[in-house]
Structure formats: C-alpha cells, structure tokens
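Following: one structure in structure tokens, then a few remarks.
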Amino acid sequence: MTLADRGIVLAATPLGDVADASDHLRQLLASADLIAAEDTRRLRDLARRLDVRITGQVVSFYDQVERSRLPRLLAAARQGVVAVVSDAGLPLLCDPGFALVRAAIAADVPVTCAPGPSAALTALVLSGLPTDRFVFDGFVPRGGAARAAWLDQLVREPRTVVAFESPRRVAQTLSDAVDRLGAARPAVVARELTKPHQELIRGSLAELASQAAARELKGEITLVIGGVSAGTAEPEAAALAGLLEQIEQRVGRGEGLKTATAAVAEAAGLSRRVLYEAALAARQAAGGHRDSGAALDRRGAGRADPPP
C-alpha cells in the first residue's frame, strides 16, 4: 500500500469562510475510511456547507478522549485513511492530535498533512508586525499569577509572539501586559478571522487595553505582541540613569516608589516591573546613601507598596 492508501492525514478546516476549504480537504471528507473530529456536529455541518457526502465512519476526537481513541485510530490507519480535523484551522495547534501523531510515528504508521487555514499564521501575517522570527505560545494562561509569569518571560523576547485568548479575559490580559511589557509595545488583537465580523485592532498595548476596557470584544481572539526589537526595549544606561533620577525626584516629593515608578514608566513607554527592579537594584548598589525598597516607600507614602 502507498501513503495515499493508508495512514493518518491531519486536515486543516476553514476558520470561517468555507471558500478557504481545499480540494484536498473535500476529497478527504468524501473518501476517508474514518474521520476523527473534535466536534462531530461541526464536521457534519461543514460537510453540508461544502456539499460533500461523508462515506466513512465518524468518531469524536477531543482532549478528554484522545488517548482512549489511539488504539482504534492506529488500527484503522494501518488499513486505510484516517482524517483528523479540528473545529477550525490546523489540528494540534491547541487542538487534539499530538498524542496520536507521536503514537503513529512510534508505530511506524504514515502521517501526512492536508495544509490550510491557521488562525495563528493568519493573525501573524495580517498584524503588520515582524514575521521573520516569531513564536506561537498557545493559550494565554488563565490565572493572574500564571499570566503575570508568562508576561514576564516576554519582557526581553525579541520575537513576535502569537497566542490565543478568551474574549472574557482579553481586557485583563492587555491591562496586565501594559504593566509588565510597557505601554508602547506594539500589538494586535485579531478577532473573528475570515468571518463576516473580522476585525484587526492594531496599536500600542496601552491603546488596545483602552479599547478592550471600553467595549466588549466578542468571538475568537488571537493576540500578536511585538518583540522588544519592534518596540521599546530596556533603556540604555544613560537613559536609565535619567529615568531613575526622575523616580528619585518624585519620591523626594512624597510619592511611594511604586507610584513614582509607574508614572515614569508610563511616560517612557517602558515596563513598570523592569523599571521598578532597576530602581531597587540602584538603591541596593548605592548602599547607605539611599534607603531601599520598602523603607523608601514608607518615607514617601507612609507605607510600603507591593511590587508592581
């Protein structure tokens, strides 16, 4: 048997516009011996819109059942063609299929791809941000602490970052991004790609955060965040010294260290956290000439401010 006669085919499905469906996808849906679909109802609706009659077996294939389905899918792929489809876009990118591909490779079962739409790549090429070096980072972490840790990893990231986000959390994520990456960092919110209400919101993180706070962003969201080389990186030593002096002046007038740092960072379009850490490091290096951290905050604001 040849690869065309058996094996696993990872098939990309349209994000929204069915005109993006490839001839390869149409042929697979019509002829595959078995189709593993993330949502069988969506698969059948897609086939109806494509005017394709499914002749093979259809099984559900979502995260919770992926591993239990492996033996059946591998057995079927040894005898015929198994097509794997997600709800939209290319399988495996935050969708089921990785465990199956690993198992198929280990079992010497052929695996190939019917390429096509991808939300991550579509958002990237429409963003207007550098595409020569980029990283796809899956879904933005849900929790506040986990999301903050993820953003901290991007402070010095030179590549464009693409990630999926829930419309319910995108406003908070953008607000947190302003605090940790700086107000001026370029970014894009890509919404409902290839669908009738597609929207690309481009601008600085501060501008995007303001829009997200003012209106409800609905639908499927892909975030694209520019790397430090595309926006404002950490300041050079001379510029940093000037910013730290501004912080000292504000603290001398009675502001807390956190408050003063936030104001200076916002005006300079820099990460509040990075500038705060630089201010603390400068105080520690100065030793007895300056108070450090919480002591300075108590002098300036009557209490110790927590880190940004």
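A few remarks follow.
- Screening 94, 113 for residues that are at positive phi and not acidic (Asp, Glu) leaves exactly one candidate, 94.
Conditions tested, residue by residue: (1) under 30 Å from residue 163 (Cβ atoms); (2) among the polar types (S, T, N, Q).
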position	(1), (2)
6	no, no
15	yes, no
60	yes, yes
80	no, no
108	no, no
114	yes, no
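- Restricting the search to helices (runs of 4 or more DSSP H) fully inside segment 213-308 and requiring at least 3 residues that are modelled with pLDDT of 80 or more gives 237-252, 257-268, 272-286.
- Selected residue (only one of 200, 217, 174 is in contact (Cβ under 8 Å) with a residue 60 or more places away in the chain and of a type in the set (A, V, I, L, M, F, W, C)): 200
- Within segment 16-34, the set of residues being aliphatic (A, V, I, L, M) and in contact with a strand residue (DSSP E or B) (Cβ under 6 Å, 6 or more places away or on another chain) comprises 25, 28, 32, 34.
- Comparison of 52, 85 shows that the only residue that is closer than 17 Å to residue 8 by Cα and touching a residue at least 12 places away in the same chain (Cβ under 8 Å) is 85.
- The residues on offer are 55, 40, and the sole one that is among the hydroxyl-bearing types (Ser, Thr, Tyr) and in contact with a helix residue (DSSP H, G or I) (Cβ under 9 Å, 6 or more places away or on another chain) is 55.
- Qualifying residues in segment 254-288 (those that are free of Cβ contacts under 8 Å to residues at least 40 places away in the same chain and loosely packed, with under 13 Cβ neighbours inside 10 Å) - the one nearest to residue 227 (Cα to Cα): 267
- Condition check for residue 99: more than 23 Å from residue 25 (Cβ to Cβ), surrounded by fewer than 17 Cβ atoms within 10 Å (Cβ to Cβ) and aliphatic (A, V, I, L, M): no
The values are calculated or read from the model by the stated rules, or taken from the named source; none is laboratory data. Nothing here was measured: the structure is a model prediction, and the numbers come from that model. Using ideal geometry, Cβ is built from the backbone for each residue, glycine included, and neighbour counts are taken over all protein chains shown.
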